[in-house]
Amino acid sequence: MTPSFDLTLRGGRVCNADGCIDADVGITDGRIAAIAPGLPAGREDVDATGRWLLPGGIDSHCHIEQLSGMGLMCADDFYSGTVSAAFGGTTTILSFAAQHRHDSIPQVLEDYGRRAREKAVIDYGFHLILTRPDDEALQVHLPQAIREGITSLKVYMTYDLLRLDDHALLDVLATAGREGAMVMIHAENHDMIRWIARRLLDRGHVAPKFHGVAHDPLAEAEATNRAIQLSRLLDVPALIVHVAGAETVEVLRKARRLGAQVHAESCPQYLFLEASDADLPGVEGAKFCCSPPPRDKASQEAVWAGLLDGTLGIYSSDHAPYRFDETGKLPKGEATTFKEMANGVPGIELRMPLLFSEGVMKGRMGIERFVALTSTNHAHMYGLAPRKGAIAVGADADIAIWNPAREVQVTHAMLHDNVGYTPYEGMRLTGWPEDVFSRGRSVVRGGELRAQRGSGQFIPRGRPMPPEVPRATPGGRGAFSALIGLERG
Ligand code: URP
Ligand code: ZN
Ligand code: ZN
C-alpha cells in the first residue's frame with residue numbers, strides 16, 4: 001500500500017494557542033495534511049508518544065549578521081543563528097535588515113537577503129531598520145519593500161547612529177498606516193540616558209553595572225508613553241519592543257484600556273535576569289548588559305503579569321550576539337566603559353526552553369498561552385498567518401516535538417550560537433524540544449542537525465493583523481485624519 005503521507009508524527013499531544021488534543025499529524029509536501037487519531041502510516045513515522053507537538057517557534061526579534069547601532073558586527077551569521085534557533089524549537093526568525101544613515105534601502109535588503117539565502121537552515125523574513133525616512137524612503141522604497149513581503153520596520157528613539165526624532169516618527173507612522181505595515185519602536189529617552197551617562201563617566205563610574213543606571217526605567221517609561229501618544233495621534237498601530245520595566249508595563253496597560261492600538265513584546269532577559277547580575281568584578285558584568293537593561297524583581301513580576309494578561313502579547317529573544325572580547329563586549333579590553341561595550345544578550349536557543357520550564361512546567365502559564373506568546377501571536381502580528389504559527393491543516397509543517405520530562409542543565413557548551421557564553425549558565429530546566437521540523441523537513445533530531453545550509457526560505461509576509469484593542473470611544477480620530485490628509489491602506 002502507498003503511504004498516505006510523507007511523514008506521520010504519531011501518538012503525541014498536539015497543542016495550539018486555542019487548545020490541545022491527542023492526535024497524529026500527517027504531513028505531505030511540507031504542509032500539514034491531516035490531524036486525527038489513528039492516521040495511516042507515512043513514508044516515515046516518528047513516535048511522539050508522551051511528547052508534545054507544538055507549532056515551531058517564531059522569533060520575531062533577533063539580530064543576525066547585523067551591524068549594530070554602535071557599528072559592531074554580530075557574532076552570529078545566518079548559519080549559526082538559525083542553527084541555534086532550530087535547536088531551541090524555533091522554525092522561523094524575523095531578523096533585521098539594518099539601514100545605516102548613508103545606506104540605500106534596496107541595497108540593504110539585497111545584501112541581507114543574499115546572506116540569509118546562502119546560510120539559513122530555517123525560514124526567515126526581515127524587518128527593515130529605518131534610519132533615514134526621507135521622501136524617497138517613504139514614498140518609494142518602503143512601499144516597494146512592503147510589496148516584496150517585508151511588512152514591518154523598526155525605528156529607534158535612542159542611539160546616535162539610529163535614532164529618529166518625534167517628527168520623523170510621525171512620518172514613519174503615517175506611511176505605515178498608508179501602506180499597512182507594522183512599526184516596531186525601541187522606546188528609550190535618548191537625552192535622559194546620555195545626560196545620566198555623562199555624569200556617571202565624569203565621576204569614574206565606568207563599570208558595566210552603570211549601564212543599568214544610565215538606562216533608567218523612567219527613560220523607558222517616558223519614551224514608551226511618547227511613542228504611544230504618537231501612535232494614538234494618527235491611530236496607527238505600533239509595537240513597543242523589549243519591554244523591561246514595571247512602570248512601562250503599566251503605561252502600556254493604561255493606554256490599551258483607553259483604546260490605544262499599541263502592542264508590546266518582552267524577552268527572556270526581563271524574566272530571568274536582574275540589574276544586579278551585572279554587578280560583577282571588572283568587566284564581567286558586560287555579559288548581562290542590553291538595552292533596556294534587566295531591572296528588579298518587581299519588574300520581572302510585572303513582565304510575567306503582562307505576558308499573562310495580554311498587555312505583552314509577543315515573547316521574542318532580542319538575540320543580540322556579541323562575544324566577550326574586542327569584537328563585541330570589550331572593544332577596549334578591560335578598559336572598556338559601559339558606554340563603549342556592545343549592547344545585547346544572546347537568547348535565540350534558550351528563549352522557548354526558559355519559558356517552557358519556568359512558565360509552563362512551574363504552573364505559571366498554560367501551554368496554550370506559551371504557544372500564543374512564542375509562535376501564534378507573532379504570525380498574526382507580522383503577517384505570517386495562516387501559513388505559520390499553528391498546527392493546522394494547510395499550514396506549513398513547522399513543528400517542534402517537546403519532551404516535557406527532559407531535564408537539562410544549561411551550559412554554553414551545549415548551545416549552537418557563536419557567542420561563547422550564556423547569561424543563563426547553570427540554570428536547570430525541565431522540558432526540551434527534541435525533534436524539530438520545518439516544512440516537514442527534519443531539522444533537528446537526536447541532538448543532531450539534519451538540515452542543509454541554505455535550505456531555509458525567505459517568507460514574503462502579508463499584511464500584519466494585530467488583534468484590535470477594544471476602542472474606548474467609537475469613531476476614533478476620523479475627522480482629524482481627514483483634515484490633515486492621512487491616507488489609510
Ligand atoms: O541591547 C539590545 N537589545 N541590543 C540590540 C539592539 C536593540 O535595540 O534591539
Ligand atoms: Zn531595540
Ligand atoms: Zn533588538
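Just so it is clear, none of the values below were taken in a lab; they were calculated from the coordinates. In this text, all values refer to a predicted model and were calculated from it rather than measured experimentally. Glycine also receives a Cβ, built like all others from the backbone with ideal geometry; neighbour counts cover every protein chain displayed.
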If N is the residue count of region 56-373, its Cα Rg over 2.2 N^0.38 Å rounds to 0.94
Report, by chain and number, residues whose modeled amide H sits under 5 Å from the one on F96, excluding near sequence neighbours (fewer than 5 apart, same chain). C62, I64, H127
Relative contact order, percent, of region 256-316 when contacts are C-alpha pairs under 8 Å separated by at least 6 residues? 47
For S152, which sequence-distant residues (separation of 5 or more, or a different chain) have an amide H within less than 5 Å of its own amide H, given hydrogens modelled in the peptide plane? L128, M182
Using the structure shown, list the pairs from K362/K388; K287/K388; K254/K329 with a Cα-Cα distance above 30 Å, or answer none. K287/K388; K254/K329
Just to confirm a number: summing +1 for Lys and Arg and -1 for Asp and Glu over residues other than R10 whose beta-carbon lies under 9 angstrom from that of R10, what do you get? -3
When only C-alpha pairs under 8 Å and at least 6 residues apart count, what is the relative contact order of region 387-464, in percent? 28
Rank-order 166-178, 26-38 by packing density, defined as the average count of other C-beta atoms within 10 Å over each peptide's residues, highest first. 166-178, 26-38
Mind checking which aspartates and glutamates have their Cα closer than 16 Å to the Cα of K209? Skip sequence neighbours fewer than 8 apart in that chain. E274, D277, D279, E284, D296, E334, E340
As a test of the formula, what do you get for the chain when each DSSP H run with n ≥ 4 contributes -39,500 (n - 2.57) and the sum is divided by the residue count, at 222 nm and rounded to the nearest 500 deg cm²/dmol? -8000 deg cm²/dmol
Using packing as a proxy for protection, rank 292-302, 40-50 so that the peptide with the highest average count of other Cβ atoms within 10 Å comes first. 292-302, 40-50
Would you mind calculating the relative contact order of the chain from Cα pairs under 8 angstrom and at least 6 residues apart, reporting the percent as a whole number? 22
Would you give the gap between the C-alpha center of region 396-444 and the C-alpha center of region 103-180, rounded to a whole Å? 31
Whole-Hz Karplus ³J(HN,Hα) for region 135-149, in order, using 6.51 cos²θ - 1.76 cosθ + 1.60 and θ = phi - 60°, x for Gly and Pro? 4, 5, 4, 7, 8, 10, 6, 5, x, 5, 4, 5, 4, 8, x
Measuring from the longest principal axis of the C-alpha atoms of the chain, the long axis of helix 297-309 (C-alpha) lies at a number of degrees, nearest 10, equal to 50
With Cβ to Cβ distances under 12 Å as the rule, what net charge do the other residues near T430 carry (K, R +1; D, E -1)? +1
Between V14 and residues 5 or more places away or on another chain, the pairs with built amide H atoms under 5 Å apart involve I21, D22, A23, L53
Residue-by-residue Karplus 3J(HN,Hα) for region 231-236, coefficients 6.51, -1.76, 1.60, Hz, glycine and proline x: 5, 5, 4, 9, 6, 10
Over all pairs of distinct alpha carbons, what does the Kirkwood formula give as the hydrodynamic radius of region 1-58, in Å? 11.4
For A48, the net charge from surrounding residues (Cβ-Cβ under 13 Å; K, R +1; D, E -1) works out to -3
The cysteines in the chain that find no other cysteine Cβ closer than 4.7 Å to their own Cβ are C62, C74, C267, C289, C290
Output ordering of 196-207, 351-362, 412-423 (per-residue mean of other Cβ within 10 Å, highest first) is 351-362, 412-423, 196-207
Once phi is turned into θ = phi - 60°, what whole-Hz ³J(HN,Hα) does the Karplus curve with 6.51, -1.76 and 1.60 give for every residue of region 432-449, x standing for Gly and Pro? 7, x, 9, 10, 10, 10, 10, 6, x, 7, 6, 9, 10, 8, x, x, 10, 7
